[in-house]
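Enquirer: Dropping a structure here in structure tokens format, bear with me for questions.
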Amino acid sequence: MLQSMRIEGGHRLEGTVEISGAKNLALPAMVASLLTDQPIVLHNVPNLTDITTMLGILEHLGSDPSCYGSDITLCTKNIVNVEAPYDYVRKMRASILCLSPLVSRCGRARVSLPGGCAIGLRSVDLHIRTLVLMGADISIEDGFIKASAPNGLTGCEIEFPKVTVTGTENALMASVLAKGSTRLVNVAIEPEVQEFAKLLNLMGAKISGIGTSVLEIEGVEKLHGAEFNIIPDRIEAGTYAIASSLTHGKIFLKNCIYGHLQCFFTALQQTGTTVQNREDGVLVYNNNDVIYPYCIYTDPYPAFPTDLQAQYMVLMSLCNGNATVTENLFENRFMHVQELIRMGANIYVDGRCARITGVQSLKGAPVMATDLRASVALVLAGLVAEGTTIVNRLYHIDRGYENIDNKLCACGAVLERITQ
């Protein structure tokens, strides 16, 4: 049965939200368990459908997972299957990460072309290019990427034509067990990527340059087990920060790391929102009667995150003036705009730029989520809309937001899940 969320708008939010572990680190960290026959113990893993899907993929490949609360132990003594099937992979983009560790450890892999959110092409070309440069034979047959490197992978220099998070992570997993040295140029430097590289080093990899755009990797013969803490999810934190600003509320984001969202918080402060960095989190409140317009554009870290663009657009929909939101990373990430317009927003899309004229209020309406971040943007809109909003296709939101209904209700939101 499909679930929806019914939201009664107009309630000020105040309270504490404990930020869960970062999905975009937990997923590659789980996949890294394929690189060793020893246990990997991960703490602070969020309870999300994407995590459940990845557990299913890893178990299919031969892993023996055990879960206790937010702790997951993964041990893959033997890889029993080198094929990641479509039924699993179609559900999320991160499944492409299985490609490199299977080739690194087994010399071959067959991974279905991935699915996930419908926000653009997000080609697998860069993942394939990395393995080809390192000596693998690659073909695409019947919707599967088929890779073979029976003599192992060989280190080389790889310069990415554009910054890619999963591309960097896949290249790291291909490099750590490769023969010789690998140099990766123009890599992603997101906090999740930096932490992932640190995990690989804890497992015995030799990666230097972490936090810079160039990574140097000296291949090793074998990796071992490790224990690792997943950092707080900066995108979840940014989403609740916008919820606080939108409702002229006051929310403490427990565990949020201010430095991971510096560009975002700078933009939020320009809208009239107060952001205070505390020892154990970040306090966000908005005592102003108006929301001031401020233009943003998305780019790779440390710029404004594309994963917070849809949520920020909701804020600008109620600004006192005009603003623009420019999306530089994905060509189809304005799918939420038409739903916001249904709620009374004044937004005009011109290519990669959304031009927004603030309105006095939004109106509750039935709306349809199209992807993960669009779904939470519609929930945010519902929190401030007059009347009742029903957000359909709620399964998108459960891929990336742990326990969102209870977290919002604890701060004063009035909402419930309904089954249709």
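The values are calculated or read from the model by the stated rules, or taken from the named source; none is laboratory data. None of the values given here were measured: they were computed from a predicted structure. Every residue, glycine among them, receives a Cβ derived from its backbone with ideal geometry; neighbour counts consider all protein chains shown.
Enquirer: I need every pair where a residue in region 92-104 that is on the phi < 0 side of the Ramachandran plot and surrounded by 24 or more Cβ atoms within 10 Å (Cβ to Cβ) has its Cβ under 8 Å from the Cβ of a residue that is charged (D, E, K, R) and modelled with pLDDT of 95 or more, sequence separation at least 6 or different chains.
Expert: Listed by first residue and then by second, the contacts come to Leu97/Glu169; Leu102/Arg108.
Enquirer: Which one is farthest from Leu35 (Cα to Cα), of the residues in region 131-146 that are surrounded by 16 or more Cβ atoms within 10 Å (Cβ to Cβ) and at pLDDT 95 or above?
Expert: Among those that are surrounded by 16 or more Cβ atoms within 10 Å (Cβ to Cβ) and at pLDDT 95 or above, it is Leu133.
Enquirer: Moving on. Select from region 133-146 the residues that are more than 16 Å from Leu177 (Cα to Cα), without any contact (Cβ under 8 Å) to a residue 60 or more places away in the chain and outside any loop (DSSP other than H, G, I, E, B) and list them in ascending order. Spell out how you get there, then give the answer.
Expert: Pass one, region 133-146, residues more than 16 Å from Leu177 (Cα to Cα): 137-146.
Okay, now just the ones that are also without any contact (Cβ under 8 Å) to a residue 60 or more places away in the chain, so 137-143, 145-146.
Matches in region 133-146: Asp137, Ile138, Ser139, Ile140, Glu141, Ile145, Lys146.
Enquirer: Is it the case, given these coordinates, that Val187 is in a loop (DSSP other than H, G, I, E, B), surrounded by fewer than 22 Cβ atoms within 10 Å (Cβ to Cβ) and aliphatic (A, V, I, L, M)?
Expert: Numbers: in a loop (DSSP other than H, G, I, E, B): yes; surrounded by fewer than 22 Cβ atoms within 10 Å (Cβ to Cβ): no; aliphatic (A, V, I, L, M): yes.
So Val187 does not fit the description; no.
Quick grid of which residues meet (1) assigned by TED's automatic domain parsing to the domain that holds Pro28; (2) in a helix (DSSP H, G or I); (3) closer than 21 Å to Arg399 by Cα:
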{"residue": "Ile79", "(1), (2), (3)": "yes, no, no"}
{"residue": "Tyr88", "(1), (2), (3)": "yes, yes, yes"}
{"residue": "Ser95", "(1), (2), (3)": "yes, yes, yes"}
{"residue": "Leu131", "(1), (2), (3)": "yes, yes, no"}
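Enquirer: For the list (1) outside the structural domain of Ile40 (by TED's automatic domain parsing); (2) in a strand (DSSP E or B), I need the number of the one condition that Ile207 fails.
Expert: Condition not satisfied by Ile207: (1).
Enquirer: Looking at (1) outside any helix (DSSP H, G or I); (2) in the same structural domain as Arg12 (by TED's automatic domain parsing), which is the one condition that is false for Leu223?
Expert: Of the numbered conditions (1) outside any helix (DSSP H, G or I); (2) in the same structural domain as Arg12 (by TED's automatic domain parsing), the odd one out for Leu223 is (2).
Enquirer: Further question on the same structure: Which residue pairs have Cβ atoms closer than 7 Å, lie 6 or more positions apart in sequence or on different chains, and pair a first residue in region 16-39 that is more than 18 Å from Ser70 (Cβ to Cβ) with a second residue that is small (Gly, Ala, Ser)?
Expert: Leu35/Ser104; Thr36/Gly225; Gln38/Gly225
Enquirer: So is Ala109 in the same structural domain as Val185 (by TED's automatic domain parsing), buried (at least 22 other Cβ atoms within 10 Å of the Cβ) and part of a strand (DSSP E or B) or not? Outline the logic, then answer.
Expert: Numbers: in the same structural domain as Val185 (by TED's automatic domain parsing): yes; buried (at least 22 other Cβ atoms within 10 Å of the Cβ): yes; part of a strand (DSSP E or B): yes.
In short, yes.
Enquirer: Surrounded by fewer than 21 Cβ atoms within 10 Å (Cβ to Cβ) and within 28 Å of Gly107 (Cβ to Cβ): does that describe Leu61? First the steps, then the outcome.
Expert: On the way: surrounded by fewer than 21 Cβ atoms within 10 Å (Cβ to Cβ): no; within 28 Å of Gly107 (Cβ to Cβ): yes.
Against the criterion (surrounded by fewer than 21 Cβ atoms within 10 Å (Cβ to Cβ) and within 28 Å of Gly107 (Cβ to Cβ)), Leu61 does not qualify.
Enquirer: Within region 332-342, count every residue that is more than 17 Å from Arg393 (Cα to Cα) and modelled with pLDDT of 95 or more.
Expert: Number of matching residues: 1.
Enquirer: On to the next question. Inside region 52-77, can you point out the residues that are in a helix (DSSP H, G or I) and at positive phi? Before the answer, list the steps.
Expert: Of region 52-77, the ones in a helix (DSSP H, G or I) are 52-61.
Once the filter is applied, which keeps residues that are in a helix (DSSP H, G or I) and at positive phi, region 52-77 yields nothing.
Enquirer: For the subset of region 391-401 comprising residues that are in a loop (DSSP other than H, G, I, E, B) and under 13 Å from the mean Cα position of the chain (by Cα), which member is modelled with the highest pLDDT? Before the answer, list the steps.
Expert: Step one: list which residues in region 391-401 are in a loop (DSSP other than H, G, I, E, B), which gives 393, 400-401.
Then keep just the ones that are under 13 Å from the mean Cα position of the chain (by Cα); that gives 400-401.
Numbers: Gly400: 92, Tyr401: 96.
Top of the filtered list is Tyr401.
Enquirer: Something else now. Given the conditions (1) aliphatic (A, V, I, L, M); (2) farther than 16 Å from Ile291 by Cα; (3) crowded, with 21+ Cβ neighbours inside 10 Å, report the number of the one that Met368 does not fulfil.
Expert: (3)
Enquirer: In region 77-84, is there at least one residue being within 22 Å of the chain's Cα centre (by Cα), over 30 Å from Gly364 (Cβ atoms) and not polar (S, T, N, Q)? Working first, answer last.
Expert: First, pick out the residues of region 77-84 that are within 22 Å of the chain's Cα centre (by Cα): 84.
Filter again for over 30 Å from Gly364 (Cβ atoms), leaving 84.
Narrowing further to those that are not polar (S, T, N, Q): 84.
For region 77-84, residues within 22 Å of the chain's Cα centre (by Cα), over 30 Å from Gly364 (Cβ atoms) and not polar (S, T, N, Q): present.
Enquirer: Additional query: Just name the residue that is surrounded by the most Cβ atoms within 10 Å (Cβ to Cβ) out of those in region 74-88 that are among the β-branched types (Val, Ile, Thr) and touching a Cys at 6+ places or on another chain (Cβ under 8 Å).
Expert: Going through region 74-88, the residues among the β-branched types (Val, Ile, Thr) turn out to be 76, 79-80, 82.
Filter again for touching a Cys at 6+ places or on another chain (Cβ under 8 Å), leaving 79, 82.
Values: Ile79: 17, Val82: 20.
The extreme case among them is Val82.
Enquirer: Also, I was wondering about something else. Glu192: in a helix (DSSP H, G or I) and modelled with pLDDT of 95 or more, yes or no? Walk me through how you get there before you give the answer.
Expert: On the way: in a helix (DSSP H, G or I): yes; modelled with pLDDT of 95 or more: yes.
Against the criterion (in a helix (DSSP H, G or I) and modelled with pLDDT of 95 or more), Glu192 qualifies.
For (1) at pLDDT below 95; (2) under 20 Å from Leu223 (Cβ atoms); (3) among the basic types (Lys, Arg), each residue gets a yes or a no:
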site: Ala29; (1), (2), (3): no, yes, no
site: Leu34; (1), (2), (3): no, yes, no
site: Gln38; (1), (2), (3): no, yes, no
site: Arg90; (1), (2), (3): yes, no, yes
site: Pro114; (1), (2), (3): yes, no, no
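Enquirer: Looking at region 343-350, can you tell me whether even one residue there is in contact with a strand residue (DSSP E or B) (Cβ under 6 Å, 6 or more places away or on another chain), small (Gly, Ala, Ser) and on the phi < 0 side of the Ramachandran plot? Show your work before the answer.
Expert: Residues of region 343-350 that are in contact with a strand residue (DSSP E or B) (Cβ under 6 Å, 6 or more places away or on another chain), as a first pass: 343-344, 346-348.
Subset that is small (Gly, Ala, Ser): 344.
Filter again for on the phi < 0 side of the Ramachandran plot, leaving none.
The answer is no, given that none of the residues of region 343-350 is in contact with a strand residue (DSSP E or B) (Cβ under 6 Å, 6 or more places away or on another chain), small (Gly, Ala, Ser) and on the phi < 0 side of the Ramachandran plot.
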